[in-house]
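This report concerns only the one structure given below.
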Amino acid sequence: MAKRLTDAQIPTAKAWLHDVFVWGHMISNPRRDIPPRDYWYMYGGKNPAKRRVQGDQEACELICKVIQYRQAETKFIKAADKALEILAQCQFNPELHSTDIWKHTSKSADMLAKYIAWYCTESHPTKKFYWSTDNTSSYELESIKNETILGKALWDAEAFTCQVPGSAKTSSSNTSNTSTSAGNPPKSNFKSRGPLSGVAVDLIGQPNQKISLSGKLYCIVGKDANGKTLDDCVFVRPVEADQKIQQKYMVGNTNKVLFGAAKGYGFCPCFFTSLDDAKNFYSKINFNNFKLNQKVDTITIEYKKAQANGYFQVGTEFGPVYISAEKLNESLQEDVKKDEVDITPTADELKGNFAGLTFEEYDNAFHRG
């Protein structure tokens with residue numbers, strides 16, 4: 001059953017969301033009874049720079065973007081978490097119709113996330129604004145709902161498309177690959193296996209000793225006719241739980257190279273630290289051996305930023321590659337410096353299957369007080 005705000009919490013949620021939407025430029029006409037010039041908090045004219053929290057307006061803008069496009073992708077959700085942690089330090093008047101200019105409060109990032117979940121699932125009288133999981137792997141969804149502030153709140157509010165009754169993904173998301181004990185939430189069998197570098201096929205190096213990489217990493221990916229990068233890429237599957245299945249993804253004692261959408265548990269995209277290494281590896285692959293996605297028009301090499309959580313190196317039939325530590329169920333690094341990885345989503349990255357919310361839809365929640 002979805003967890004919902006109480007009747008007493010909803011007015012505060014509306015007040016905070018109103019301020020975020022105004023400061024994030026998604027509501028053009030503030031609806032507070034206190035005029036903007038006399039408001040001491042958030043977007044208010046009486047909120048001097050010396051009282052503001054660094055990055056607060058940018059955090060509001062990011063929250064608006066993420067809500068507008070509602071894609072269940074890890075980096076977007078984590079970017080929103082950072083924004084919520086900033087906004088948890090910001091004061092606001094908890095009553096839209098209060099005229100007390102001194103009245104204020106602040107809320108934890110966890111509660112602010114619940115306000116967003118309420119807005120998406122309950123604020124509109126006739127519809128919900130679901131977060132698309134169409135391109136989200138089950139592993140990624142597990143990480144989002146269990147390891148992020150906003151993801152947990154959205155899951156509790158049943159705000160993801162995979163939670164819609166009758167959804168093709170509902171049953172698999174809720175029951176597949178899970179085990180439940182009294183008093184505990186379902187847990188993925190993959191995640192319950194713990195760190196898997198020690199059982200990875202043809203591991204180069206020591207188990208549990210992640211390799212730190214920085215800058216550009218190169219990967220081999222598919223693109224459609226318009227040049228858009230698809231999920232299809234070169235990958236390996238080195239940590240299958242069933243040894244009979246594992247043999248399917250091996251050549252001798254090393255990993256078989258695969259090409260397709262690497263979206264499942266233990267599907268590990270291959271990375272290279274130099275363009276020459278990527279080109280050399282590319283030249284050894286016969287892509288005619290794979291049943292390609294019809295959308296794949298070209299297969300090319302592109303780069304991505306290295307993840308702070310680290311990598312492991314494994315052997316393959318065509319030589320060594322790097323794979324993400326996260327894909328081997330190795331714990332995420334929590335103390336990442338802000339400037340190590342830029343996870344702020346761009347407008348293009350946020351474009352998804354859902355049309356963005358309009359100004360009117362943002363504003364709707366405040367027409368009714």
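The values are calculated or read from the model by the stated rules, or taken from the named source; none is laboratory data. Note that the coordinates shown come from a computational prediction; the quantities given were computed from them, not determined experimentally. With ideal geometry, Cβ positions are generated from the backbone for all residues, glycine too; neighbour counts draw on all protein chains shown.
Quick notes
- Count of segment 62-81 residues which are surrounded by 18 or more Cβ atoms within 10 Å (Cβ to Cβ), basic (Lys, Arg) and outside any loop (DSSP other than H, G, I, E, B): 2
- Residues that are part of a loop (DSSP other than H, G, I, E, B) and either of a type in the set (Ser, Thr, Tyr) or over 23 Å from the mean Cα position of the chain (by Cα) (or both), drawn from segment 210-223: 212, 214
- Residue list for segment 18-40, filter: part of a helix (DSSP H, G or I), of a type in the set (Asp, Glu) and exposed (fewer than 15 other Cβ atoms within 10 Å of the Cβ): 38
- Residues that are of a type in the set (Gly, Ala, Ser) and not assigned by TED's automatic domain parsing to the domain that holds residue 142 number at least 1 in the following strands (runs of 3 or more DSSP E) confined to segment 224-322: 258-261.
- Residues in segment 275-291 that are surrounded by 15 or more Cβ atoms within 10 Å (Cβ to Cβ) and modelled with pLDDT under 95: 290 alone.
- Residue that is modelled with the highest pLDDT [pool: residues in segment 95-113 that are in a loop (DSSP other than H, G, I, E, B) and buried (at least 18 other Cβ atoms within 10 Å of the Cβ)]: 107
- Residue under evaluation residue 59, criteria (1) hydrophobic (A, V, I, L, M, F, W, C); (2) assigned to a loop (DSSP other than H, G, I, E, B); (3) under 29 Å from residue 158 (Cβ atoms); (4) modelled with pLDDT of 85 or more, criterion not met: (2)
- Residue match in segment 3-17 (condition: surrounded by fewer than 18 Cβ atoms within 10 Å (Cβ to Cβ) and closer than 25 Å to residue 140 by Cβ): yes
- Taking the criterion of being surrounded by 23 or more Cβ atoms within 10 Å (Cβ to Cβ) and either hydroxyl-bearing (Ser, Thr, Tyr) or under 13 Å from residue 14 (Cβ atoms) (or both), the residues of segment 116-126 that qualify are 116, 119.
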